[in-house]
Amino acid sequence: MKKMTDKVEPVNRISPFLLVLILIVFILSLSALFMAMQSIAEQTDLLNSYSFLVIGVFGLAISAYMLLQTKGKPSHISLELPRVLTTLECPKCDFKSIRDFQREDYVFKETGSCQKCNEPMKITAIYREAKKKKD
Ligand SMILES: [Zn+2]
């Protein structure tokens, strides 16, 4: 049996509102581009079609930029705080628990007592929490 004293991981927090906004800008710019292409092809109303073209390209650039901005932030936050974890194991009943590393922790040290059978727990591993990074 496995039990973990789980902590809340820093979640990628992009607000759905912002995503919808980006999507709307993206779709609007695409349709502006489409309209521009169409009227350029048909040689009608060239002045308007070029301004649609500019609007479309500009909108695409903005939505791409916003998307990059929202993706960039969370990884920077998680980069600041690498967590070190300590795994404790009960030699008697194999109960496992994981907690934050504390000073004076070392592997095979006996510390605390088992929540199930009250035996002293042993530290079996100390490691830095693995982070999924996309940089
Ligand atoms: Zn135990």
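All of the numbers you see were taken from the coordinates with simple rules; none came from a lab. Keep in mind it's a predicted model, so treat the numbers as computed, not measured. Glycine gets a Cβ as well: all are built from the backbone with ideal geometry, and neighbour counts include every protein chain shown.
Once backbone amide H atoms are built at 1.01 Å from N, residue 109 has 123 as its partners under 5 Å, excluding neighbours fewer than 5 places away on the same chain.
Computed over the range 84-128, the P(r) tail beyond 15 angstrom holds 29 percent of alpha carbon pairs.
Each Lys or Arg adds one and each Asp or Glu takes one away; over the other residues whose Cβ falls under 15 Å from the Cβ of residue 119, this sums to +2.
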